[in-house]
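Every read-out reported here was derived from the displayed coordinates using simple, explicitly stated rules and does not represent laboratory data. These figures come from a predicted structure and were not determined experimentally. Glycine also receives a Cβ, built like all others from the backbone with ideal geometry; neighbour counts cover every protein chain displayed.
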């Protein structure tokens, strides 16, 4: 497989903070339309990996290519986001002073330059799309409430809704079901699976039930590099993985 | 289209404020010029000048609120933009003196004559034209803000660091303008103006005209600011204030948004300064002093940060208080002023308008939900 | 001490000399009080001509302003304050002449010209003093006066002199006299060599004079000597600049270090910091007043007493501010800015109301006055002590934060308040004490600054911006950053000053800070995770 | 949602009415109240807070004392005087605002005030517009003459030039350091002195000019430079126009670096008894100041004044200084002029002020000249250990205040005479016209 066919291509990416190697020659390939679950113990480098992809952290060495040609390591966050990479944070981060509607409107795919936004007014299609996302995320009744007043789970969903509004090619989702009830977790899994058809998704999650629910290829990270890759059953049987998780 | 844009930000508060301004714009000329001096309805030029000054400060406060209240950039150097605008206007007014200076020199202002300057420095050229000065009033502060912001926002200087370097900026400007070698009058600044656009600056009618111009500028500034804030750009700005990095991950170049608001704000402050100078009759470097900028911040805080109408109210109230107390309690007014700032921050963290809003919608449950989760998760 | 010795000497001489000798001097002494400056000067010259050591105390009394005229009979007497009046003594014999009312005597006035004559005369007269230090000072006085009349005395003294340092001083004094007078060229050229070796600014002054007036040979020698002296001076000039930089840096350090605690560690944008410094300076003033009132003899220790007092007073004010205002504002740093700004206005006005708007006098103890030469460096004691003091305070604070339980608590609270609380640390008390500590240190800075600056209600305003620049430049929350920041800014400022002038130098430093923050948005020593966020 | 808010603002008639009412009341609140005319009001316009409070507060107190004294004597024209004190807070635009307030709202008959040049420049147009009277008590740079301002402080020729003459003649000074704070008074004074010295044959290389910012506190380099400049083999002196706050650290540094008055004397124009009260003067003995008054001057008027002042301030250590004397002279001149004119009307008072002569505190009389400056003796004093000055030289007669310096090219042809028929502040004797160059 050549790099041109990949959506995201990481090769030999390393990052150190004050001597601590957060990523150690990490290599990873995501194909268009693929959904991938990333698991790993605390400190395995999952969040750093997302930081590196989205431009928050610059890697010391290594290559990161998007759609096989764009080098992400030299771009700033907004440029990367505009290429079509969306991110949902571990801790739900929404604009608390804005209404749910405004949060979605801000995320909606539209020109991002200041003068364009100054004169922007929502078109009928834009509104329809926001309504649609409100339905999907079940936030319609809350559309005019400030996002700050939502419950934790609602914020998680709002953030997923914002990702949908962004309509990215690649979604990076960090612990989407933390703090959710079982029912909510199940719904979230369905939602993500729906999305995966049209977009590529990387999900970082601790919740094995949820990962199993997703039923996708799993990558295990450990100490900043890939320890194992395959279906959840395969990796759970991997001796190294068991050692790492049980701390042997 | 354009009207729609300008009207979209206007809410009830704007209605009240603009009505007040409209009434002032009519009532003040009538009371100042249309009544006999001994009538109880007569407004003295002193009062007109005073009101005009308050409104200039209100425009400065408004411009500061645009960046502090809506983008979260606490500028401790906004007086710099205000003063630069003032100097641009002051230079025009100086050139208008012409040969009526004490030495009768047609080109050189008096302070240059007696310090043995022989020719007008290059940066004074053009200021004999009003249109040129009017452009400079916005261009000079705007360019400074643009250059400063370009570097600072790109480098992601934020929070306290940004505040302190804005302070360094205004302090450096103050020291520079104090230098007589700058050719801008040093400590004495620019003063003894004669006329503006051919009208005698001392005449009551000119003062009223300047007052009305200030009212118009404030109203225009208010409408512009509310339109900006209500637009999607304004929503991005507020988002930047609350969670800047999140906005970046949505694909917005936050630097540019900040730069836009920052430069716009500086231009507004410049206009405020330009209107201020002919009304108070002097511009000098102590206006650059960091204390002036901090005072402007305090007007915003007193009125209510992030509300647009609040800063206008705050600037007028605090300055009215200052005028009143410096005459009524000359020895004690600093206690009153200092105490006010402490009390406002302790008991009115959202300012007067914030308090009013709180009293009105009495929804304590909502407020707690807003604050709590973020704080707990922060650890 | 010097004076006392002279009195002893005078007494000794009075005993040894025949009584008639003193009587000869009496009319001359009486001439000192003749009225005009010119007549006084003539009388001094007359006294000097006698060469009699007995006149030394008389002239010294004149220099000190103790010599008065008794109005009743026109007699010249030494009058010293005693109670409401004066205690009178005879200037020559030291015999007590009773007391007099304030109005019964009139002081003999001197002006600058007389002061110069007096120093020159005293120099010539005390060259033979048994005390080596006195002789050296005498030689220095002659060096400055270039008094040709002192040449004979110098030659005699040189012949007898055994002390190497005094000899050198006398040789230089002799060279100065020769060069200024009309000695033969050979002597002058030898003198040039002596002065070239001395190589300081005074020597340069003399050589410059010679280079303008002497014969060609002397001019030549002097010009060469000047070149060599100037080279030397330029070298020392660079070193001197370094010292100025260090000295300014340590002043900045002192001013900023308290802020490094309240702002850097606690995140309070403390605009009232300058006023804490001011309160420390006023505390020093009060302590000194107390000393002047009750223990004038111990005045030299007043600063040492002022240190703990200033620390406690400023610290207490700090604790009061924290408990009443700041504690409601944690986590809202920008609002602390507004509240503390209000406090600073009120504190300034309070001090103005209590102490008046004018400067108050804070004296320097003798061990902080004057200067000494280190090679070509002039180092003033006041500045030297401030440098030492700044480093001591820095070291003490570092130890307090690193090694003590209190320091541990402070760090625990700033890093994780709720965890610290859970572990039984009384966070409220730690907050109050930390703020008190920062304010107390500001008070200490006030003691030091009272030695070099105005003690007025505006004192703090002059330092607040510089302090913030230092802390921000160094990196908020890092004491070492504050140290390096202060010294770097002081050094850069003093390096620029000779080229750009004081104002432009300062502007350039500010621009430098602005640009530097672009490069390192969190300051020189950025700390992760602890920086203050708006 | 967007437009409705605005419209509803207008729909709610009550809001509109309330807002309009508010605006009118607000504006009307300023309308001048009618004032009772049974007293004569005197405005006092001195900063009581901010950087200049340090110097100006004393002047406010001295005015209060003078007014109280006058009232004990029965006031003026049979009416009591009433002081109106305001605080312009060292803020120059505020000076203009407060001046306007004093004149148009409080209807004061005259204003005594200002210290810095910039504050005077700021209020000047106000006094001219409203045709009132200002007494300005501080030595200043000259180059100004206004019909409405009476300058009771020294012009440069009443302070700087006699001081330089003294140093050159009595101390044999040949090399000059002109050190000042960078603002208009030192700049102008130094320009005048430079021309003056050069006219006396001093070469350019024997003049060093140095400017420092306000409140400069680190004087190490500059004092070292002065020492270096002074080591060129010629007698050197420093002429200091360093302003207020910066003086204390300057003198402290001089003392510490061992610059003694007998080696390099410093003559200052802005250091008086008040400033010395904040310094340990022992190392400064012999340094000089030039003023028109010293507290140590031994005349009956002066001891009386000092006694009253110390009683008024209830502090027997309070010092007096030159600007206080200027207010003393100015106030007495005003009282005399008002009594002469029989009214407090500005025009009458302005006309009757010229020619008024009152005793000063140094044993003579000062007269108001047609150029609105006064005649004064010039005293040179040496600093004493007790913080006082000892007069070492006094001009034999009174010196006439010269507002347009003869040592500046553009001002040497100008004169000022406010008497009719000339009534001009900048009459050019060359062109014979009023108005500078008259071109």
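Some observations on this one:
- Based on C-alpha pairs under 8 angstrom that are at least 6 apart in sequence, chain A has a relative contact order of 27 percent.
- Estimated FRET transfer efficiency when R0 is 22 angstrom, pair residue B:220-residue B:30 (beta carbons, to 0.05): 0.50
- Note on region B:2-377: the C-alpha convex hull projects to 21.4 nm² when averaged across all orientations.
- P(r) weight above 15 Å for region C:376-423, C-alpha pairs, percent: 61
- Zero-based 10 Å bins, Cα pair distances in the protein assembly as shown, whole percents: 1, 7, 13, 17, 17, 15, 11, 8, 5, 3, 1, 0, 0
- On Cα atoms only, tilt of C:185-198 relative to the major axis of chain C in degrees: 20
- Cβ-Cβ FRET estimate between residue D:385 and residue B:357, R0 fixed at 60 Å, reported to 0.05: 0.35
- Chain C, relative contact order [Cα under 8 Å, separation at least 6], %: 15
- Panel order for C:127, D:284, C:398, by other beta carbons found within 10 Å of each beta carbon, from fewest to most: C:398, D:284, C:127.
- Here the spin labels are modelled as points 7 Å beyond Cα on the Cα-Cβ line, and at residue C:320 and residue C:227 they lie 6.8 nm apart.
- Fewest-first ranking of C:516, B:211, using other Cβ atoms within 10 Å as the exposure measure: C:516, B:211
- Reciprocal mean inverse distance between Cα atoms of chain C - Kirkwood radius, Å: 27.4
- The angle separating the long axis of helix C:164-180 from the principal Cα axis of greatest extent in chain C is about 70 degrees.
- Partner chain coverage, peptide B:101-114 - average Cβ within 10 angstrom: 6
- Spatial offset of region A:28-83 relative to region D:76-127 amounts to 70 Å, using the alpha carbon center of each.
- Förster radius 25 Å - calculated FRET efficiency between residue A:181 and residue C:418 (Cβ-Cβ, nearest 0.05): 0.40
- C-alpha long axis of helix D:220-229 to longest principal axis of chain D, angle in °: 40
- The relative contact order of region C:227-315, computed from alpha carbon pairs under 8 Å that lie at least 6 residues apart in sequence, is 23 percent.
- Working from label points 7 Å from Cα in the Cα-to-Cβ sense, the residue C:402 to residue C:39 distance is 7.2 nm.
- For chain A, the alpha-carbon radius of gyration amounts to 1.02 times the rule-of-thumb value 2.2 N^0.38 Å expected for a compact globular protein.
- log10 of Debye I(q)/I(0), alpha-carbon scatterers only, for region A:126-242 at 0.14, 0.15, 0.16, 0.20 Å⁻¹: -0.64, -0.72, -0.80, -1.13
- If you wrap the tightest convex hull around every Cα atom of region B:95-144 and split its volume per residue, you get 82 Å³.
- Alpha carbon centroid spacing (whole Å) that separates region C:350-371 from region B:201-253: 49
- Cα centroid separation, region C:81-153 to region A:196-214 (Å): 99
- Placing dummy labels 7 Å off each Cα toward the beta-carbon, the span from residue A:17 to residue D:128 is 6.7 nm.
- Modelled label reach - residue C:156, point 7 Å along Cα→Cβ, region C:106-128 residues with backbone N closer than 19 Å: C:120-128
- Cα-only Debye scattering, region D:160-268: base-10 log of I(q)/I(0) at q = 0.16 Å⁻¹: -0.65
- In plain terms, the residue of B:158, D:212 with the fewest other Cβ atoms within 10 Å comes first and the most crowded comes last, giving B:158, D:212.
- Above 16 Å, the calculated P(r) of region C:460-534 contains 50 percent of its Cα-Cα pairs.
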